[in-house]
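So the structure is just underneath, and the comments pick up after that.
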Amino acid sequence: GESVGLHLPTLSVQEGDNSIINCAYSNSASDYFIWYKQESGKGPQFIIDIRSNMDKRQGQRVTVLLNKTVKHLSLQIAATQPGDSAVYFCAELMRSQGNLIFGKGTKLSVKP
Amino acid sequence: GAVVSQHPSWVICKSGTSVKIECRSLDFQATTMFWYRQFPKQSLMLMATSNEGSKATYEQGVEKDKFLINHASLTLSTLTVTSAHPEDSSFYICSARDWGEAFFGQGTRLTVV
């Protein structure tokens, strides 16, 4: 079936380095993508989103890249900080359906 | 941004009892809310879509008689886990959408003993 998956289950980076978290999706009909951050015991927190008519979107210290040709999504975090340590999920949405489909998640650990 | 409040944040119950979880949209009206379940170290899996004033739509494999969903108003959806068993222990999260963006509740940690 169609699903959203991640290449890397865990990622360990040094404080101050840049982090890149990847995600592959298989549903070509998805038109909206979101990255979420989830800290232990809490619900997902919105980080950044991107629509399918864009290939890049920047936020504060974060950038999302969308490559529709290979159905790939990535989240770049600049100058990673200890507070960025969490599990990151990508999610896809078909606006006609309404519900989000989540990827498996990547645990980001930031070493001081 | 919009806020979704979920209550309780954690609950411990005995096997065979029922537990109700509330999900409220605090500053917007949500005609549709979503209920997810998340087991340890796993992703969020959609359980059901809750529609205000109508029956919920359940995902394949989710028992509608065990997970009762009521969406009686535009700001409140409830999930009742009936006759809970230890295998129902999980993190339950609700979500509501406001103009395209999805907002999540804090989650409810259910432990059935």
Quiz item: Lysine pairs, Cα distance under 15 Å, 8 or more residues apart or cross-chain: how many in chain A?
Solution: 5
Exercise. Give me the number: length gained by fully extending A:Ala79 to A:Ser52, i.e. 0.36 nm times residue separation minus the C-alpha to C-alpha distance, one decimal in nm.
Key: 7.0 nm
Practice problem: Could you tell me which chymotrypsin sites (Phe, Trp or Tyr not before Pro) in the range B:84-113 are loop residues by DSSP with no more than 11 other beta carbons within 10 angstrom of their beta carbon? | Solution: B:Trp99
Quiz item: With chain B treated as a Gaussian network of Cα nodes joined by springs under 10 Å, which of B:Gly53, B:Gly61, B:Gly16 yields the largest mean-square fluctuation?
Solution: B:Gly61
Quiz item: Which of these, B:Ser43, B:Ser73, B:Ser25, has the largest mean-square fluctuation under a Gaussian network model of chain B (Cα springs below 10 Å)?
Solution: B:Ser43
Practice problem: Quote the FRET efficiency, to the nearest 0.05, computed for B:Asn70 versus A:Glu39 with a Förster distance R0 of 35 Å and r equal to the Cβ-Cβ distance. | Solution: 0.75
Practice problem: Select from the range A:13-112 those GluC sites (Glu not before Pro) which occupy a DSSP coil region and have at most 14 other Cβ atoms within 10 Å, ordered by residue number. | Solution: A:Glu15, A:Glu39
Quiz prompt | Neighbour-count ranking [beta-carbon atoms within 10 angstrom, fewest first] of A:Asp31, A:Asp84, B:Asp27, B:Asp65 | solution = B:Asp65, B:Asp27, A:Asp31, A:Asp84
Practice problem: Return the percentage of antiparallel bridges among DSSP beta bridges fully within the protein assembly as shown, rounded to the nearest 5 %. | Solution: 90 percent
Quiz item: Relative contact order of chain B: what whole-number percent is it, with Cα pairs under 8 angstrom and at least 6 residues apart?
Solution: 38 percent
Self-check item: Projected-area average for chain A over all orientations - Cα convex hull basis, square nanometres
Solution: 6.8 nm²
Exercise. Treat each spin label as a single point 7 Å out from the Cα along the C-beta direction, and report the B:Asp27 to B:Thr57 distance in nm.
Key: 2.9 nm
Self-check item: 19 Å reach of a label modelled at A:Lys107, 7 Å along Cα-to-Cβ, counting backbone N of the range A:32-57
Solution: A:36-45
Self-check item: Listed residues B:Gln42, B:Gln60, B:Gln29, most fluctuating in chain B (Gaussian network, C-alpha, under 10 Å)
Solution: B:Gln42
Quiz prompt | Dipole in debye (nearest 20) - the protein assembly as shown, about Cα centre, beta carbon charges: Lys, Arg +1; Asp, Glu -1 | solution = 180 debye
Practice problem: Could you work out how far the C-alpha centroid of the range B:27-47 sits from that of the range A:54-110, in angstrom? | Solution: 18 Å
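Each value in this text was obtained by applying a stated rule to the coordinates, not by laboratory testing. Because the structure is a prediction, the values reported are computed rather than measured. When we count neighbours, we look across all protein chains shown, and the Cβ atoms used for this are built from the backbone with ideal geometry, even at glycine.
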